[in-house]
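Values in this text are rule-based calculations from the coordinates and carry no lab data. None of these values were measured; they are calculated from a predicted model. FYI the Cβ positions are ideal-geometry reconstructions off the backbone, even for glycines, and counts take in every protein chain you see.
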Ligand code: SAH
């Protein structure tokens, strides 16, 4: 087996079981490993530390599979990891409440670079590392075997693959092409999901519990849902008794599906107004027209992947949150989110405090939110905690 040797003093994070080895920590690579090949990681003294997948083009040169010297990285290893990962969901996601679940959440489930989402009887797989790429066929077989499902579709058409030197790719992997739309249900609400062309693997499963929370604040309220995608929060709000909702979303395809989602659940189409546009600009227009709402939801895309981009991201968050707060009636509620890994919960709260100050409102956090339980955060991988949300009430 090829080996990589760390520089002196660079074994601390791997001893704490962080699963990434950055290129700067490597002293030497022995044996010319191919991308995705399993390598042994040795300390500068030559002691065994772990086994992982090599990636020549990435800053993250090795992603760890196992710390156990006796564990072989084989189809059986992947069967065990995936089996455990699926079991982990059994205690947290109630199958009577939803049929759309993240089954594998990459590093946090001990499978760096692998995402698997289940939408009813369709599996959608994302391969985000060379290690996963190398074992792709095995992983498909194991997933089919363990879930008893037939259809596996790949959505590895994401930008991060470029950082690995991998091309974007999407298409059927097993059991043919899935239907254009899959109907999923979530706490009594049905949503159409387009796994072939939708964002991520088709739906924002990480917000499931938060949609349910927001629903509890919606009764009798007039809602502004910014970055609405296919109406995830709006439908939850309507189910919770919201009077109406104004949805702002950049993607026309998402809006089309959102309209159909409203119809699918039998809500009055007049209750939802869709505006296709840039939320930053549209919110300004609403402010200039003197509009106000009882419940404002802000669920923007990622503004910062890394801490290095945090300053620019912070300006974006400040901007929309300031506008969001200004668009609230007295005693209104703001449900605001950030899925930027580079903006942590402390910084996000500070940004909100600054926005409230500038908006001239007295505001209180009444609930703190995070990604749902099928997107766990392994304690040895704090980077896995990316989604944070605050429910804020104003006076
Ligand atoms: N709340 C949704 C998920 C939102 S994801 C749910 O629960 O399902 C963020 C959305 O913001 C995406 O649909 C994306 O198309 C949209 N978006 C990105 N930039 C935007 C912008 N500047 N203005 C409006 N929408 C934008």
**OP:** Tally the residues that are within 15 Å of the ligand (Cβ to nearest atom) and either surrounded by 20 or more Cβ atoms within 10 Å (Cβ to Cβ) or in a loop (DSSP other than H, G, I, E, B) (or both), restricting the search to segment 306-326.
**Re:** 6
Original post:
Looking at segment 215-228, which of the residues that are buried (at least 24 other Cβ atoms within 10 Å of the Cβ) and near the ligand (Cβ under 9 Å from one of its atoms) is nearest to residue 103 (Cα to Cα)?
Top reply: 228
Subject >> Test result for residue 334, within 13 Å of the ligand (Cβ to nearest atom), touching a residue at least 60 places away in the same chain (Cβ under 8 Å) and either within 23 Å of the chain's Cα centre (by Cα) or under 30 Å from residue 381 (Cβ atoms) (or both) >> reply: no
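Of the residues 46, 36, 9, which single one is assigned to a loop (DSSP other than H, G, I, E, B), at positive phi, in contact with a strand residue (DSSP E or B) (Cβ under 8 Å, 6 or more places away or on another chain) and exposed (fewer than 13 other Cβ atoms within 10 Å of the Cβ)? Explain how you work it out, then say what you get.
On the way: 36 fails: exposed (fewer than 13 other Cβ atoms within 10 Å of the Cβ); 9 fails: in contact with a strand residue (DSSP E or B) (Cβ under 8 Å, 6 or more places away or on another chain).
On inspection, the qualifying residue turns out to be 46.
The rows are residues; the columns are (1) out of contact with any helix residue (DSSP H, G or I) (no Cβ under 9 Å at 6 or more places or on another chain); (2) under 20 Å from residue 392 (Cα atoms); (3) assigned to a helix (DSSP H, G or I).
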residue	(1), (2), (3)
176	yes, no, no
191	no, no, no
198	no, no, no
229	no, no, no
245	no, yes, no
254	yes, no, yes
259	no, no, yes
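How about segment 49-152: which helices (runs of 4 or more DSSP H) wholly inside it have at least 1 residues that are under 20 Å from residue 372 (Cα atoms) and out of contact with any helix residue (DSSP H, G or I) (no Cβ under 7 Å at 6 or more places or on another chain)?
Numbers: elements: 75-90, 130-134, 136-147.
So the answer is 75-90.
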Subject >> Within segment 261-272, tally of residues that are more than 13 Å from the ligand (Cβ to nearest atom) and either in contact with a strand residue (DSSP E or B) (Cβ under 7 Å, 6 or more places away or on another chain) or assigned to a strand (DSSP E or B) (or both) >> reply: 5
Subject >> Condition met for residue 275 (within 13 Å of the ligand (Cβ to nearest atom), crowded, with 21+ Cβ neighbours inside 10 Å and either within 24 Å of the chain's Cα centre (by Cα) or within 19 Å of residue 335 (Cβ to Cβ) (or both)) >> reply: no
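For residue 235, state whether it is in a helix (DSSP H, G or I), within 12 Å of the ligand (Cβ to nearest atom) and touching a helix residue (DSSP H, G or I) at 6+ places or on another chain (Cβ under 9 Å). Before you say what the answer is, go through the steps one by one.
On the way: in a helix (DSSP H, G or I): yes; within 12 Å of the ligand (Cβ to nearest atom): yes; touching a helix residue (DSSP H, G or I) at 6+ places or on another chain (Cβ under 9 Å): yes.
When the stated conditions are applied, residue 235 passes them.
With the requirement that a residue be within 16 Å of the ligand (Cβ to nearest atom) and buried (at least 16 other Cβ atoms within 10 Å of the Cβ), what does segment 155-180 give you?
In the first step, residues of segment 155-180 are kept if they are within 16 Å of the ligand (Cβ to nearest atom); the result is 155, 157-159.
Those that are within 16 Å of the ligand (Cβ to nearest atom) and buried (at least 16 other Cβ atoms within 10 Å of the Cβ): 155, 158.
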Original post:
Can you find a residue in segment 294-311 that is closer than 15 Å to residue 394 by Cα, over 23 Å from the mean Cα position of the chain (by Cα) and touching a residue at least 60 places away in the same chain (Cβ under 8 Å)?
Top reply: yes
**OP:** Among the residues of segment 210-227, write down those that are free of Cβ contacts under 8 Å to residues at least 40 places away in the same chain and either within 16 Å of residue 392 (Cα to Cα) or in a helix (DSSP H, G or I) (or both).
**Re:** 211, 212, 215, 216
